[in-house]
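Visitor: Below are the structure tokens for one structure; questions will follow.
The values are calculated or read from the model by the stated rules, or taken from the named source; none is laboratory data. Given the structure is predicted, the values throughout are model-derived calculations rather than measurements. FYI the Cβ positions are ideal-geometry reconstructions off the backbone, even for glycines, and counts take in every protein chain you see.
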Amino acid sequence: MHKKTGHLVKAKEPFRFYTRLNLIELTGKKANNLRELVEIMKEVPGSVIYHHTHHYLQQHLYLSPEPPNDFAYWVTYILRDEELGEEIASIDLCEFSTIRSLREKIIETIEQHLAQNPELLRTAPPGGEFHFFKTITFILPTPYVASDLSEFLEAIKKISIHSIYFHMFEAKLRLEKGENDFSRWVEDMLGEKELARDIARLDPYTFTMEGLRAALFRLIAKRIPGEII
Amino acid sequence: MSRISDYESIVGADVINELRMVARKLKNKVIQNINSTSVGGGVAEILGRMVPLLQDLGVDTRWDVVKGGEKYFQVTKKFHNALHGRKTEITREDYDIFLETTKTNIEQMEFYGDIILIHDPQPVALVEKRKFLKSRWVWRCHIDFTYPDPEIWEFLKSFVEQYDASVFSAPAFARPLPIRQFLISPSIDPLSDKNRDLSEEEINNVLDKLQINRDKPIITQISRFDYLKDPFGVIEAFRLVKKYVDCRLILAGGGAIDDPEGQKVFQEVVEKAGNDPDILVLLLPPASDLEINALQRASSVILQKSLREGFGLTVAEALWKAKPVVASAVGGIPLQITHKYSGLLSHTVQGTAYWIRQLLHSPEYATRLGENGKAHIKQNFLLTRHLREYLLLFLSLEEKEDIIYL
């Protein structure tokens, strides 16, 4: 892959790439059945809900298609309630811009199911309890900085998947910025409205991280004169 | 001795760079590890690997060992058994010996670390010294804590509660405690003899030495000879498979020579195998890491049919070699295998046999599970992840928030 030099817009403020690393803290809380699950979900901090809806993604960054969230996995494979498991798995995480609203949606889904199927209160077998964890996230700057699209593209090739994860997922949902960092910067600093929209349209939950890197690369490369995709 | 840069070719420069970035934040801290032995045992092995790598990352990490007489170690052995759930009688005198030895160590040891990381129950009561110091104290529990004897746990808990934080290896080991509890899973070292890449020649040499023919698919379980590893269930499952597919079973394990129960189980397994030439029961001597590596790499399917398990790192070892694994959903195994993604979880002898047959009949499926398993281990269960989590743990001791800007 090579590129010819073109006249690229220089950003007023460069994009600094950050990365994030996680540590898991145990809450000591565990659920044996759906009612206990819902009750604990209502009282735990948002970082617990974030953990259980994103931890699969973080642990299986190389797998495709991405497995569902922890709640769906537990309901499907441990409680053996496939219908509810599928309902929880298919909640579209992209639609939510706050952990609070995501939490409410999952709770509502389970409570509706329980109301319709009160006889289905299954108990997890011993050892199969749902343990609640939370994610402690450490955010730190990387050495990568971009002032124009060409430098941005170069950085996209080199940054770690944790950095892509941070700017695409963490920024939007956990830091409640409403959109991913890449879209915001290319639009605000480079005037690349179309590119910003295309990046925002990517459904990051259905890519592997390397797949997402490749998709970002293609979208950005298209906007650089002479760049061969 | 491995250097941190040696891991770059395996995990990538970005992972090593991130480790270096985090390590820089701990530049002025001294980390003091304290355990009960400098040689032998899993903890000494982990520290022997991790301390030099943390130093290589620029973190001033040191390691001290408590001193104790024979009686003290007999008592701590009793504690160890009781914490594993075995019925053990612990007398008033035993507690006195434990506390007396701890007191002597408190008087004689130098507690110079900014962060003091105490490993396992033997040195747990050193925390009595904490009130005289400004350091942060962390208790790192490496052992299986699923069903601890309540009496001994009550005794130890009074010390554990005095720490700033505790660290457990699997969710089921955590206990209701007033202090923070972190989850840090154990890891495998991809550069060790047990896990490094082997050439076909090296694999064949080991199999020739052990007189194992590679003429048919090999199914293997590597574990010490212990009822809880269910070697009899493995043989039963193999016999069910054998009705349909011609294959060979290897049950291999080591470290049971000084364990009377291990010897007994080994004999019973040999009897159960009977005259079947396709079942090989191998009692491996200690330091058979290369042999275990070769056996795993020569296998078509690897089993871990434990009835109870601590973390079950043999699963990570098998997955690292991109092997399809059928394992019981116990202890830390479900953290390593997501059913039908990165391996298969079974609950019964019949289920185990069913999954083995599936894997032998569907090599493409088996390959995919193995490859997914390897990716999962690379991402989550290698030594570099373990180092990263230790560094983050040290940093988290000064923070209360869930999102921390470094």
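Visitor: If I filter the stretch B:344-361 for residues that are within 13 Å of chain A (Cβ to nearest Cβ), under 19 Å from the mean Cα position of the chain (by Cα) and either within 23 Å of B:PHE225 (Cβ to Cβ) or acidic (Asp, Glu) (or both), do I get at least one hit?
Guide: No - not one qualifying residue is present in the stretch B:344-361.
Visitor: Restricted to the stretch B:1-20, and to residues that are within 14 Å of chain A (Cβ to nearest Cβ) and free of Cβ contacts under 8 Å to residues at least 12 places away in the same chain, which residue is farthest from A:ASN22 (Cα to Cα)?
Guide: Step by step, filter the stretch B:1-20, then rank; the result is B:GLU8.
Visitor: In addition: For residues that are among the hydroxyl-bearing types (Ser, Thr, Tyr) and either free of Cβ contacts under 8 Å to residues at least 60 places away in the same chain or surrounded by fewer than 20 Cβ atoms within 10 Å (Cβ to Cβ) (or both), tally how many sit in the stretch B:274-299.
Guide: 1
Visitor: Could you tell me whether B:ILE302 is part of a helix (DSSP H, G or I), in contact with a strand residue (DSSP E or B) (Cβ under 8 Å, 6 or more places away or on another chain) and under 23 Å from B:LYS242 (Cα atoms)?
Guide: no
Visitor: When the residues of the stretch A:156-172 are filtered to those that are surrounded by 19 or more Cβ atoms within 10 Å (Cβ to Cβ) and in contact with a strand residue (DSSP E or B) (Cβ under 8 Å, 6 or more places away or on another chain), which remaining residue is modelled with the lowest pLDDT?
Guide: Filtering the stretch A:156-172 for residues that are surrounded by 19 or more Cβ atoms within 10 Å (Cβ to Cβ) and in contact with a strand residue (DSSP E or B) (Cβ under 8 Å, 6 or more places away or on another chain), the one modelled with the lowest pLDDT comes out as A:GLU170.
Visitor: So B:ILE302 ticks every box in (1) more than 20 Å from B:ILE203 (Cβ to Cβ); (2) away from chain A (no Cβ under 13 Å); (3) within 18 Å of the chain's Cα centre (by Cα) but one. Which box is left unticked?
Guide: Just one mismatch for B:ILE302, condition (1).
Visitor: I've got another one for you. Give the residue that is farthest from B:LEU99 (Cα to Cα), with candidates limited to residues of the stretch B:137-176 that are surrounded by fewer than 19 Cβ atoms within 10 Å (Cβ to Cβ) and of a type in the set (Lys, Arg).
Guide: Among them, the one singled out is B:ARG175.
Visitor: Do you know which residues across the stretch B:370-406 are more than 9 Å from every other protein chain (Cβ to nearest Cβ), in a helix (DSSP H, G or I) and closer than 25 Å to B:ARG180 by Cβ?
Guide: B:LEU383, B:THR384, B:ARG385, B:HIS386, B:LEU387, B:TYR390, B:PHE394
Visitor: List, please: which pairs have Cβ atoms under 6 Å, are six or more places apart or on different chains, and start with a residue in the stretch B:30-43 that is farther than 15 Å from B:ILE118 by Cβ and end with one that is modelled with pLDDT under 85?
Guide: The qualifying pairs do not exist here.
Visitor: Can you name the residue in the stretch A:10-27 that is touching a strand residue (DSSP E or B) at 6+ places or on another chain (Cβ under 8 Å) and within 16 Å of A:LEU153 (Cα to Cα) and, of all such residues, is nearest to the other protein chains (Cβ to nearest Cβ)?
Guide: So the residue we want is A:TYR18.
Visitor: Now a separate question. Across the stretch A:177-206, which residue is farthest from A:LEU8 (Cα to Cα) among those that are of a type in the set (Asp, Glu) and surrounded by 20 or more Cβ atoms within 10 Å (Cβ to Cβ)?
Guide: A:ASP181
Visitor: Oh, and also: Filter the stretch B:21-32 for residues that are surrounded by 21 or more Cβ atoms within 10 Å (Cβ to Cβ) and either within 11 Å of another protein chain (Cβ to nearest Cβ) or over 22 Å from B:LEU47 (Cβ atoms) (or both) and give the result.
Guide: B:VAL22, the sole residue that qualifies.
Visitor: Checking A:PHE133 against (1) of a type outside the set (Val, Ile, Thr); (2) over 30 Å from A:TYR18 (Cα atoms); (3) within 14 Å of chain B (Cβ to nearest Cβ); (4) touching a residue at least 60 places away in the same chain (Cβ under 8 Å): exactly one of these is not met. Which one?
Guide: Every condition holds for A:PHE133 apart from (2).
Visitor: Among the listed residues B:THR88, B:THR101, identify the single one that is touching a Gly at 6+ places or on another chain (Cβ under 6 Å) and of a type in the set (Ser, Thr, Tyr).
Guide: Being touching a Gly at 6+ places or on another chain (Cβ under 6 Å) and of a type in the set (Ser, Thr, Tyr) holds for just one of B:THR88, B:THR101, which is B:THR101.
Visitor: Also: Quickly run through the stretch B:318-340 and pick out the residues that are assigned to a loop (DSSP other than H, G, I, E, B), surrounded by fewer than 20 Cβ atoms within 10 Å (Cβ to Cβ) and modelled with pLDDT under 95.
Guide: Passing the criteria: B:ALA329, B:LYS340.
Visitor: Scan the stretch B:182-203 and give yes if some residue there is within 21 Å of B:LYS374 (Cβ to Cβ), outside any loop (DSSP other than H, G, I, E, B) and out of contact with any helix residue (DSSP H, G or I) (no Cβ under 7 Å at 6 or more places or on another chain), otherwise no.
Guide: yes
Visitor: Just one of A:LEU114, A:LEU102 is over 23 Å from the mean Cα position of the chain (by Cα) and touching a residue at least 40 places away in the same chain (Cβ under 8 Å); which is it?
Guide: Just one listed residue meets the conditions, A:LEU114.
Visitor: When you check B:ILE90 against the structure, is it touching a residue at least 12 places away in the same chain (Cβ under 8 Å), in contact with a helix residue (DSSP H, G or I) (Cβ under 9 Å, 6 or more places away or on another chain), farther than 24 Å from B:VAL22 by Cα and not in a helix (DSSP H, G or I), yes or no?
Guide: The answer is yes for B:ILE90.
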